[in-house]
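Just so it is clear, none of the values below were taken in a lab; they were calculated from the coordinates. Fair warning: this is a prediction, and the values are worked out from it, not measured in the lab. Here the Cβ positions follow ideal geometry from the backbone for every residue, glycine too, while neighbour counts run over all protein chains shown.
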Amino acid sequence: MQVVFIVLVLFTIILLGYYWFFFQNLVQYKTPDFKNVTFPVSVIICAKDEAENLKKNLPLIFAQKYPDFEVILIDDRSVDQTFDILQSFKEKFPHKTKVVKVNFNDDNRLRGNKKYALTLGIKAASKPYLFFTDADCQPVSNQWLAKMSALFSNKELILGYGPYKKSTGFLNKLIRFETVQTALQYFSYALTSLPYMGVGRNLAYTKDLFMKNNGFYTHLDVLSGDDDLFVNEVANDQNTAICLAPETFVRSSPQKNWRQYINQKRRHISTARYYKKKHQVLLGLYYLSLVGFWLSSIFLLIHLYLLPWVIALMLLRLGTAWHINYHINRKLNEKDLTIWYPFLELSLLWFQLFIFVINLVKKPARWKI
């Protein structure tokens, strides 16, 4: 019992360190005043069997209030009407649109690999500043490009936020909670000069940064990672900025059932082992500390061991975490999640462990299952 109590104390201290050294930076972060500058921008969207989403979301891309942008639309071997939809937008906006059609490739490394399609789109881009989003995503305002691109004044890489739409049900809350917790970490680490990932739903970088780092070459064989592995490789404390202006959020529809969500997370979680060692240690220690905190505290509560001290440690940790999450949820327009924090955290921990075990048995084989 004494050893378990010491473990609880240790993990509580570690978690408090994360909250105050890393996450508090995001709590205190204030969105800067955006300069009225214009950079020539290419918006790159890769689509695979996304005809319906494209009809609904592309008009919001072309409606951006920005004087100098083009849209690169990539049909990645679709079998539905995706290519016809892309062509229709090219006809409607002939001076702003390029369509790239990806054919099946005999190289096994490239089959089912989104990075190959994105590389073709990036090479087709005529503008030096690149924005990335997905076919199922929609900018929440027409100021997405204008405000986010202003950060290119002194940076090469910009990390944006991609929330999911709110709906009823526990799965929707869990998906949005996981998205907030991921953003909490990658934004906080970037503010602490340790940028390690971004999300392809809302990401921007210069074409020069992509070319001088040989694009996705070093992780071409990895199924996922066109966003996080590239950022992990090229981001540093000098070239990276974050953007939390609500007008720059790019929202998408969450998975509607557990099977779809599990397939999605299986792809995402498989890339972490390719991160730089320092990032693996930071992320792994945080997850281990959360699991250890809950296991040790529940065990001690069941056995009524040093009950006042155990309760005090739990209140200290959960109270601090609640404080952090309250402010982050307000920044990211997810205020309804705050009250559910402890329950959602526990649920997410066990869900992630479940995904990890599944991936040990069998890895996904395509970027879109």
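The alpha-carbon atoms of the chain, seen along their principal axes, cover 72, 47, 40 angstrom, with the largest extent given first.
Net charge near Thr168, counting Lys/Arg +1 and Asp/Glu -1 over other residues with Cβ under 13 Å of its Cβ? Charge balance in the 13 Å sphere: +4.
What is the Cα radius of gyration of the range 135-287 over 2.2 N^0.38 Å, N being its residue count? Ratio of Cα Rg to 2.2 N^0.38 Å: 1.03. In a DSSP loop and with at most 11 other Cβ atoms within 10 Å, the trypsin sites (Lys or Arg not before Pro) in the range 262-369 are Lys362. Once C-alpha pairs closer than 8 Å and six or more residues apart are averaged by separation and normalised to the residue number of the range 206-330, the relative contact order reads 22 percent. Of the peptides 26-34, 179-187, the ranking by mean beta-carbon count within 10 Å, highest at the top, reads 179-187, 26-34. To the nearest 10 degrees, how steeply does helix 82-92 sit against the main Cα axis of the chain, on a 0 to 90 scale? Approximately 60 degrees, to the nearest 10. Mean residue ellipticity at 222 nm from the helices of the chain, using -39,500 (n - 2.57) per DSSP H segment of n ≥ 4 over the full residue count, to the nearest 500 deg cm²/dmol? Result for the chain, helices only: -15500 deg cm²/dmol.
Shape of the range 282-364 from the C-alpha gyration tensor: oblate (a/c of 1.5 or more and a/b not above b/c, with a ≥ b ≥ c the square roots of its eigenvalues). Phi angles of the range 167-176 translate, via the Karplus equation with coefficients 6.51, -1.76, 1.60 and θ = phi - 60°, into HN-Hα couplings of 8, 7, x, 5, 4, 4, 5, 5, 4, 5 Hz per residue; Gly and Pro are given as x. The angle between the Cα long axis of helix 341-361 and the main principal axis of the chain comes to about 70°, on a 0 to 90 degree scale. Using the Cβ-Cβ distance between Asp237 and Tyr217 with R0 set to 35 Å, the FRET efficiency works out to roughly 0.90.
Net charge of the neighbourhood of Ser126, taken over other residues with C-beta under 13 Å away and scored Lys/Arg +1, Asp/Glu -1, is +3.
Label positions at Phe351 and Ile13, each projected 7 Å from the Cα along the C-beta direction, are separated by 3.3 nm. From a point 7 Å beyond the Cα of Phe21 in the direction of its Cβ, which residues of the range 281-313 have a backbone N at a distance under 16 Å? From the range 281-313, the list is 281-290.
Counting Lys and Arg as +1 and Asp and Glu as -1 over every other residue whose Cβ lies under 14 Å from the Cβ of Val291, the net charge comes to 0. Taking 0.36 nm per residue of separation and subtracting the Cα-Cα distance, full extension of the segment from Ile262 to His95 would add 56.1 nm. Annotation for the range 251-323: chymotrypsin sites (Phe, Trp or Tyr not before Pro) lying in DSSP loop with at most 13 further Cβ atoms inside 10 Å of their Cβ do not exist. Got a sec? Charge dipole of the chain, +1 on Cβ for Lys and Arg, -1 for Asp and Glu; which of Pro246, Asn154, Leu288 is way out at the positive end? It is Leu288. With a threshold of 26 Å on the Cα-Cα distance, the over-threshold entries among Lys65/Lys98; Lys114/Lys173; Lys30/Lys55; Lys335/Lys362 are Lys114/Lys173; Lys30/Lys55; Lys335/Lys362. A straight line joining the Cα centroids of the range 191-247 and the range 122-141 runs 14 Å.
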